[in-house]
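*Asks:* Please see the structure below; I have some questions.
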Amino acid sequence: MMLFTLCSCVARPELILSPPDGTEWVTVAIKQPAETEVLPLDVLYRSETCRRKDYDPTTDSHIRTIRGFNPMQITLGSPDSDGYRKARIALDGGTTCGWTLSAIRIGVRLVKTSALANGKNVIAANYVFDFDDEGYSNAFEKGKLRESRGNLHLTTDFFPVISHHLDGNISLKLFGGDTRYEQWSRYYRVSSINQICIDPVVYLNKIVTITPPPTPPGDLNIIYPDGSTGKAPYIYPDYKKLLLMR
């Protein structure tokens, strides 16, 4: 159930985790809907002991020391009898550096081999979980922070959104609400947690199409699954309207 795969650029022994006896673990379980794939988990550990130098424009030396960080990817296991893919992640990574879990990122996207994805740039929808006050502070379009204590069981309704861009490129993304709003955010600051369970629901036949205005600048044009149209001044479709079409 647990497999640690370090980035290919990492070879130093102190970056290889060695969780001590008695450490706590968090289990990540996600159900994989049809025609989707769950990407390997992005996991980040940090260390107060093994610090690193960083550029600091506010000092004369332009150098500061900050907590060391140890990014890695963890592959989820095969689906169990209930359809969940799981991984166990140590809160204490051990070694002389004393690595502690800082963040987990979970991405899900439509498989690139699906008919809907043909010829499009497929973008993952992400869940981000910070275990300290740094975590993934500037990554993955995480949305508005939500404080959470205890285990999590999350369900998100996703709709495929096909976006046509002015440069001719076409992107495909699973849309689960405008994450700038807390009720749809998938970014959590967690504590006292041992399990994260995610049940995404993907409405493959409820496709949204977004096109640029005929003569830019202007609002984007949206075609909803029921054939109705609208404008997208903030680049996102109306999620509440989509939920009524499930």
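The values are calculated or read from the model by the stated rules, or taken from the named source; none is laboratory data. Every value quoted in this text rests on a predicted model; they were computed, and no experiment measured them. Every residue, glycine among them, receives a Cβ derived from its backbone with ideal geometry; neighbour counts consider all protein chains shown. These accessible areas exclude ligands, DNA and RNA; they are computed on the full protein's heavy atoms, side chains included. Shrake-Rupley method; radii C 1.70, N 1.55, O 1.52, S 1.80 Å.
*Asks:* When all protein chains stay in place, what accessible area (Å², nearest 10, 1.4 Å probe) is found for Thr113?
*Replies:* 130
*Asks:* Please list the three semi-axes, largest first and in whole Å, of the ellipsoid equivalent to the range 154-246, using sqrt of 5 times the eigenvalues of its alpha carbon gyration tensor.
*Replies:* 28, 15, 12
*Asks:* Let me ask something else about it. Check which residues have an amide H placed less than 5 Å from Gly68's amide H, if you skip close sequence neighbours.
*Replies:* Amide H neighbours of Gly68, under 5 Å, 5+ apart: Ser47, Cys50, Arg51, Arg52.
*Asks:* Leaving out ligands, DNA and RNA, what percent of the accessible area of the chain is carbon and sulfur, probe 1.4 Å?
*Replies:* Heavy-atom surface of the chain belonging to carbon and sulfur, 1.4 Å probe: 50 percent.
*Asks:* Can I ask one more? Leaving out ligands and nucleic acids, and using a 1.4 Å probe, what accessible area per residue does the chain come to in Å²?
*Replies:* Per residue, the chain has an accessible area of 53 Å².
*Asks:* Next up: What does the charge count around Ile162 come to, taking other residues whose C-beta lies under 10 Å from its C-beta (Lys +1, Arg +1, Asp -1, Glu -1)?
*Replies:* Around Ile162, the charge tally is +2.
*Asks:* Each residue of the range 165-177 in order: what ³J(HN,Hα) in whole Hz does its phi give by Karplus 6.51 cos²θ - 1.76 cosθ + 1.60, θ = phi - 60°, with x for Gly and Pro?
*Replies:* Along the range 165-177, the couplings run 9, 4, 7, x, 6, 10, 10, 10, 9, 7, 9, x, x Hz.
*Asks:* Go through the range 185-197 residue by residue and turn each phi into a ³J(HN,Hα) via Karplus (6.51, -1.76, 1.60, θ = phi - 60°); whole Hz please, and just put x for glycine and proline.
*Replies:* Those phi angles translate into 5, 10, 10, 10, 9, 9, 8, 6, 10, 10, 8, 10, 10 Hz.
*Asks:* Give a residue-ordered list of calculated ³J(HN,Hα) values for the range 76-92 (Karplus: 6.51 cos²θ - 1.76 cosθ + 1.60, θ = phi - 60°; whole Hz; x for Gly, Pro).
*Replies:* With the stated coefficients, the range 76-92 comes to 6, x, 5, x, 7, 5, 9, x, 8, 9, 10, 8, 9, 10, 6, 6, 10 Hz.
*Asks:* Based on alpha-carbon atoms only, what is the radius of gyration of the chain relative to the globular estimate 2.2 N^0.38 Å?
*Replies:* Relative to the rule-of-thumb radius for its length, the chain sits at 1.14.
*Asks:* Compute, for Lys231, the solvent-accessible surface of its heavy atoms (probe 1.4 Å) with the complete set of protein chains present, and express it in square angstrom to the nearest 10.
*Replies:* Surface open to solvent at Lys231 totals about 120 Å².
*Asks:* Using the alpha-carbon centroid of each, what span in Å lies between the range 68-115 and the range 11-52?
*Replies:* 5
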